[in-house]
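Notes follow once the structure below has been shown.
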Amino acid sequence: MAQFFEVHPDNPQLRLLKQAVSLLERGGIAAVPTDSSYALVCHLDDKAAADSLRRIRGVDDKHHLTLLCRDLSELANYARVDNRQFRLLKAATPGPYTFILEASKEVPRRLSHPSRKTIGLRVPEHKTLQCLLELHGAPLLATTLIPRGETLPLNDAGAIRDLMERELAAVIDAGACHQQPTTVIDLTPMGDGGEAVVIRQGRGDVAALGL
């Protein structure tokens, strides 16, 4: 049964977020607000939790999961980034963008795409989520919270609790967020002299990045 944490959107109560972090560190799955829609998150190094995350979301190992990072320097620890890619990342972070990049050795092989060896990474711009990441002290593995059989993500914590409380360890309510997923941009072609490719147009404005 999911624990429900209602926090202030601008000044989230750290004692409640610490409780949520404790549940994550024990292998739980949490629903958290982001600067796009809600997301499902778990501990990066917990294989059983990652398997549960995929099962709840209804995706296989070919679906890119995302690492939520506190900042660009942390992101660069988990991906191979050249100068061109770094400039684009710097212009877009923090924000509602997910970037596909070549995974570094810091990423467990079971989490990267099985054939491409890539991983999704992003730096969210959301006060509550940034506080959660800071308390956790490391990236969280994440996927957009789209219920099985649906096409739109959820953005209301109460609805998430009603639908998924038996599958989750925690739901963090910081008020309704947007109901658009992130914009997904594949930066791997840039490593071979090509251009970034927009995979999914979401909340992030690609024109602001010159794409």
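Which pairs have Cβ atoms under 9 Å, sit 6 or more apart or on different chains, and link a residue in segment 146-161 that is in contact (Cβ under 8 Å) with a residue 60 or more places away in the chain to one that is acidic (Asp, Glu) and surrounded by fewer than 16 Cβ atoms within 10 Å (Cβ to Cβ)?
Sorted first by the residue in segment 146-161, then by its partner, the pairs are 157/6.
Among the strands (runs of 3 or more DSSP E) confined wholly to segment 89-159, which include 1 or more residues that are crowded, with 21+ Cβ neighbours inside 10 Å and over 16 Å from the mean Cα position of the chain (by Cα)?
No strands (runs of 3 or more DSSP E) qualify here.
So residue 66 fits all but one of (1) surrounded by 15 or more Cβ atoms within 10 Å (Cβ to Cβ); (2) closer than 20 Å to residue 159 by Cα; (3) modelled with pLDDT under 95; what number is the exception?
(2)
So, in segment 160-178, exactly how many residues are among the small types (Gly, Ala, Ser), modelled with pLDDT of 90 or more and assigned to a loop (DSSP other than H, G, I, E, B)?
Counting residues in segment 160-178 that are among the small types (Gly, Ala, Ser), modelled with pLDDT of 90 or more and assigned to a loop (DSSP other than H, G, I, E, B) gives 2.
Scan segment 3-18 for residues that are among the acidic types (Asp, Glu) and either surrounded by 14 or more Cβ atoms within 10 Å (Cβ to Cβ) or in contact with a strand residue (DSSP E or B) (Cβ under 9 Å, 6 or more places away or on another chain) (or both) and report the count.
1
Report the residue count in segment 82-94 for those that are in contact with a helix residue (DSSP H, G or I) (Cβ under 9 Å, 6 or more places away or on another chain) and either closer than 21 Å to residue 130 by Cβ or free of Cβ contacts under 8 Å to residues at least 60 places away in the same chain (or both).
Of the residues in that region, 7 qualify.
Could you check, for segment 180-197, whether at least one of its residues is part of a loop (DSSP other than H, G, I, E, B) and closer than 14 Å to residue 40 by Cα?
Looking through segment 180-197, at least one residue is part of a loop (DSSP other than H, G, I, E, B) and closer than 14 Å to residue 40 by Cα.
The values are calculated or read from the model by the stated rules, or taken from the named source; none is laboratory data. As the structure is a computational prediction, the values presented were derived from the model and not from experiment. No Cβ is skipped: glycine too gets one built from the backbone with ideal geometry, and neighbour counts run over all protein chains shown.
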